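As structure tokens, the structure follows; a few thoughts come after it.
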Amino acid sequence: METIDNVRDVISLALILLGGLLAVAAGVGILRFPDVLSRMHAATKPQNLGLFSILIAVGLQHPTPAVITSLVLVVGFQVLTSPVAAHMVGRAAYRAKAFPKDQLMVDELAERIEAIEARERDSSDRGGAEAEADAGADRAAQRAAEDEADRIS
Amino acid sequence: MDIVILIAGVLLSIAAACAVWRIIKGPTVLDRVVATDMLLGTLMCGLGVEMVVNAHTETLPVLIVLVLFSVLGSVSVSRFIATSGGKGDR
């Protein structure tokens, strides 16, 4: 029994140390990286892994059903909510152009925004009787474009 | 045991200090949001370490509440950052 306790303590201490190291990695990343998107990358991933390892250490020290359930809840909510937050922050960063655009390898959102804008220009450029003739079609196209814009935003 | 806990405390303090520095200095609001998230994560790590050190589980509900509400801050701030005029913005 004594040795099992010792092994458990050593493992929890190692996990705590790992969590601290990962937290420092996140801190260094958030200080040294140049723009919002890379700082997001640095801040979230080691942070979450470090948090999970420290929570595993807590679970090793108190292996009762109530504690394990709470820890699973914490981990589950963290995994569920942090992608939502990261998505919103990343989108806001894209809109605010808070990053060097020429460093992007792939920029799918720009292509789609361009396509939508071109379509809207098309439908608003036509004038006179012709526009009145197919105003209904225009309205439908406009609505489709707006739906598209909503969908990608 | 004691020395490992001390090291862990120092490491977490360094991480928190980095986050605070980024909150103070960060050129945009989004940098500050990301750093605030990170500070909260470091705080949760600290709560977990404290639970292991003092052999209790009384701060587990605090952890659950923190993890549930941490997302609200960053989502609401990035929702209201003024970038109006782009297609698809409302």
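Nothing in this text is a laboratory measurement; each read-out follows from the coordinates by a stated rule. Keep in mind it's a predicted model, so treat the numbers as computed, not measured. Ideal geometry is used to build each Cβ from the backbone, glycine not excepted, and the neighbour counts take in all protein chains shown.
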- Message: Bin width 5 Å, origin at 0, all Cα-Cα pairs of chain B: what percent of pairs per bin?
- Response: 3, 12, 18, 18, 17, 12, 8, 5, 3, 2, 1, 0
- Any idea how far apart residue A:109 and residue A:68 come out in nm if each label point goes 7 Å out from Cα toward Cβ? 4.1 nm
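Between residue A:119 and residue B:79, what FRET efficiency follows from the Cβ-Cβ distance if R0 is 35 Å, with the result rounded to 0.05?
Numbers: r = 26 Å, r/R0 = 0.76.
E(calc), rounded to 0.05, equals 0.85.
Can you work out the FRET efficiency for the pair residue B:21 and residue A:3, with r the C-beta to C-beta distance and R0 = 25 Å, to the nearest 0.05?
Plugging the Cβ-Cβ distance into 1/(1 + (r/R0)^6) gives 0.05.
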- Task: Based on a Kirkwood Rh over C-alpha pairs, give the Stokes-Einstein translational diffusion coefficient of the range A:15-123 at 37 °C and viscosity 0.692 mPa s in µm²/s.
- Result: 197 µm²/s
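How high is the FRET efficiency between residue A:102 and residue A:28 when r is their beta carbon distance and R₀ equals 25 Å, given to the nearest 0.05? Please report the intermediate quantities before stating the final value.
Numbers: r = 26 Å, r/R0 = 1.03.
According to the calculation, E is roughly 0.45.
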